[in-house]
1. Quick one: count up the residues across segment 224-233 that are of a type outside the set (Ser, Thr, Tyr) and modelled with pLDDT of 95 or more.
2. From the set of residues in segment 479-491 that are surrounded by 14 or more Cβ atoms within 10 Å (Cβ to Cβ) and farther than 15 Å from Ile407 by Cβ, which is modelled with the lowest pLDDT?
3. So, in segment 142-172, of the ones that are open to solvent by less than 10 Å² (accessible area, probe 1.4 Å) and within 15 Å of ligand 2 (Cβ to nearest atom), which residue ends up nearest to Gly43 (Cα to Cα)?
4. In segment 160-204, what residues are assigned to a loop (DSSP other than H, G, I, E, B) and under 32 Å from the mean Cα position of the chain (by Cα)?
5. Mind checking which residues of segment 37-58 are within 16 Å of ligand 2 (Cβ to nearest atom) and surrounded by fewer than 23 Cβ atoms within 10 Å (Cβ to Cβ)?
6. Counting only residues that are crowded, with 17+ Cβ neighbours inside 10 Å, in contact with a Lys or Arg (Cβ under 7 Å, 6 or more places away or on another chain) and without any contact (Cβ under 8 Å) to a residue 40 or more places away in the chain, how many does segment 393-448 have?
7. Which numbered condition trips up Lys32, out of (1) on the phi > 0 side of the Ramachandran plot; (2) open to solvent by 50 Å² or more (accessible area, probe 1.4 Å); (3) in contact with a Gly (Cβ under 9 Å, 6 or more places away or on another chain)?
8. Could you tell me whether segment 671-690 includes any residue that is within 30 Å of the chain's Cα centre (by Cα), loosely packed, with under 12 Cβ neighbours inside 10 Å and assigned to a loop (DSSP other than H, G, I, E, B)?
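The values are calculated or read from the model by the stated rules, or taken from the named source; none is laboratory data. Predicted, not measured: the structure shown is a model, and the values here were computed from it. Virtual Cβ from ideal backbone geometry, glycine too; neighbours counted across all protein chains shown. These area figures cover heavy atoms from the full protein model, side chains too; ligands, DNA and RNA do not enter into them. Shrake-Rupley method; radii C 1.70, N 1.55, O 1.52, S 1.80 Å.
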Amino acid sequence: MINKANSILNKIFGYKSFRPLQEEIIKCTLDKKDALVIMPTGGGKSLCYQIPALIFEGLTVVISPLISLMKDQVEQLQELGVSALYLNSSLSKDQYLENINLLSEGSVKLLYVAPETLFQERTINLLLSLKVDCITVDEAHCISEWGHDFRPEYRKIIEIRNRFPKAVCVAYTATATPRVQKDINETLKLSSRNNFIASFNRDNLYLEIIPKTNGVEQTMKFLRRYPNQSGIIYCFSRKQVDSLSLDLQEAGYSVRPYHAGLSDKERQKNQELFIKDDVQIIVATIAFGMGINKSNVRFVIHFDLPKNIESYYQEIGRSGRDGLRAHCLLLFSYGDIQKLRYFIDQKEPKERQIAERHLNSLLDFAETGICRRIPLLSYFGEKHQIKKCGMCDNCNSSDKDLVDVTIPAQKFFSCIKRTNEIFGASYIIDVLRGSESIKITSNGHDKLSTYSIGREYTKKQWLFLAHQFIQQHLINTDNDFGSLKLTEKAIDVLKGNLSVTGKIKEDFEVQEEKQASENYDHLLFATLRIKRKEIADKLKLPPYVIFSDKSLTEMATYFPVTKKEMIRIHGLGEIKFEKYGNIFMNEIIDYCEKNNIKPNGNIIKPNSKIITSDKKKSHNSTGEKFNSGMSIMDIIQETKFKRSTILKHLLDFVEENKLQNPDLLLEDSRLSEKEIEKVIGIFNKIGSERLTPVYEALKEKIDYDELHLLRIYYLAKNK
Ligand code: ADP
Ligand code: MG
Ligand code: ZN
């Protein structure tokens, strides 16, 4: 039977091999042995019950709490030609009756159902008239009051299970705590011998934490690295969500907010736009993401500190579900810690203790100097086997950036001492940099010998240094007030007995990773993506249901142009090939002809650097096109990119490279020479970093489209 499972994996799902534990779980299910499966989000739980469902003679019932997920899963299965349906309160009466009819006919393999629908006597009676082979409980942590999403109706599932004694029962969850596991086993009366616990390591997620200095600027810089990619930005408060999404919108990003203050309708709409790739970025409070299955989320930014490690893990887990690399950035600020501490202090003693423990494990993770996967996985009770994962900032930072920072350390510590260890980092730095703020003068700290002796570094650089001193346990932060205290080690440094090494960075740029695994033809990828979107819109489906990003990436790597080659692509089974194989093959053939590429990746005339270079970014190819004399209109016509995308590429390009013949840009402007001069005058006066003040200075008469264009012109001219 496991051979059959393998062939279904290849032919229907289009995957080459099973992921860890999938095969064992499938075998156990087919043997009709109950089990509990714990696997992280994106680990591949669905396949473990979908494949047995196709092998069993009877029906597999999947109990799922999230209506939006049901729809998504059923759509994906139907796309694969699998007979799957769902029953929940979102169906119209006609749809409901139609589904009931299909079920009675007995040809349906998978039925997704919401608990409240399942408990209705008419549903139970219908199921009793059919052969039910498997009852799957998805998101099984909902059974437990100890889980983060308790649903009382889940407790009643055991009654259903008792009425179908011949069906095997398998529970699935991504929550790993032993308490929850025990609850599930007990409530569903599963034999705990069949617990499958997968590793919680998601090795395709790149983890990075940088000190937050100017969050908005840092975010924009990060976003420029991922043009046209989908991502989620998590903020602490609704207010922050609103203001950040406005900032990003003004800067030309395709972005929508998501939080509890919006109407249901608005939230639903924004989520839908995101899922369908009509909007690239969602700025959200933590509430976002539970009900979505979008596989091509390429980045998650934590603009504010997450609530605890568990939430952090869940939230980053929403990226990279297709197995391709995704980038998770956390902007870390000690100010946020103060805020959190303040909230924690308001709590009852028992809750406070738990909250403090959570915060401390988060700090351990954020401040660690070793591979980030070690503290992260150890939180989930897992020992990480590898010392260096190569997919986190700590593993990637090279030791050669380390310099001797004993002198600044001495200045910093001595200033802490002279101000009696009662101030936080920001105050100490202000004293060191000779600030004339009233707080400092009224404390008389402008008279200290350490006043103004640290002007050689910016406030950002000092903050970064302070962060490292804390990491190295040279100083501690006081839990209650955030004031800095010296440790024994710091005293040794002051006495000159111990030296300190650290890094001094120019700016907190997101690090470039050493190994970018992005060795595919970006232009072809973009072309295929447009095709996918076109088909998806026609069928009213999310694009990733047609093909995942991973499938498209493989096509843009291997240039398949025959059925045999195409079938080898990830996610391409027989049915998908029949539906879309030719459409996509034709796109690839067209593309190859236009660009003188012999399929299978062999380039006839290596005139196009896009393919030969490893880390080619699309903004570079746009820039190169422009430099070769193409106008913006020409580039739009050739690449089918949106104008705003081209402008973003050019902006990125001009920051690193020379843009030849900037005057050509003006062909794309509708403004008169005089107006252009006026705009340039304003740029000269107030800078071009942010466009809002420029827009306002021009009395809102010149629209953002023009300003985006002229900013590039301005930067190119002033290089
Ligand atoms: P989970 O329910 O555990 O969060 P899913 O079942 O939604 O995860 O699977 C996540 C992604 O991994 C999906 O896009 C799925 O198609 C893909 N996937 C699952 N198993 C495999 C496999 N053996 N090979 C390749 N891709 C897989
Ligand atoms: Mg799932
Ligand atoms: Zn690492």
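1. 3
2. Among those residues, the one meeting the criterion is Asn479.
3. Among those residues, the one meeting the criterion is Tyr172.
4. Within segment 160-204, Ala174, Thr175, Ala176, Thr177, Ala198, Ser199, Phe200, Asn201, Arg202, Asp203, Asn204 qualify.
5. Residues satisfying the conditions are Pro40, Thr41, Gly42, Gly44, Ser46, Leu47.
6. Residues in segment 393-448 being crowded, with 17+ Cβ neighbours inside 10 Å, in contact with a Lys or Arg (Cβ under 7 Å, 6 or more places away or on another chain) and without any contact (Cβ under 8 Å) to a residue 40 or more places away in the chain: 6 in total.
7. For Lys32, the exception is condition (3).
8. Yes: one or more hits.
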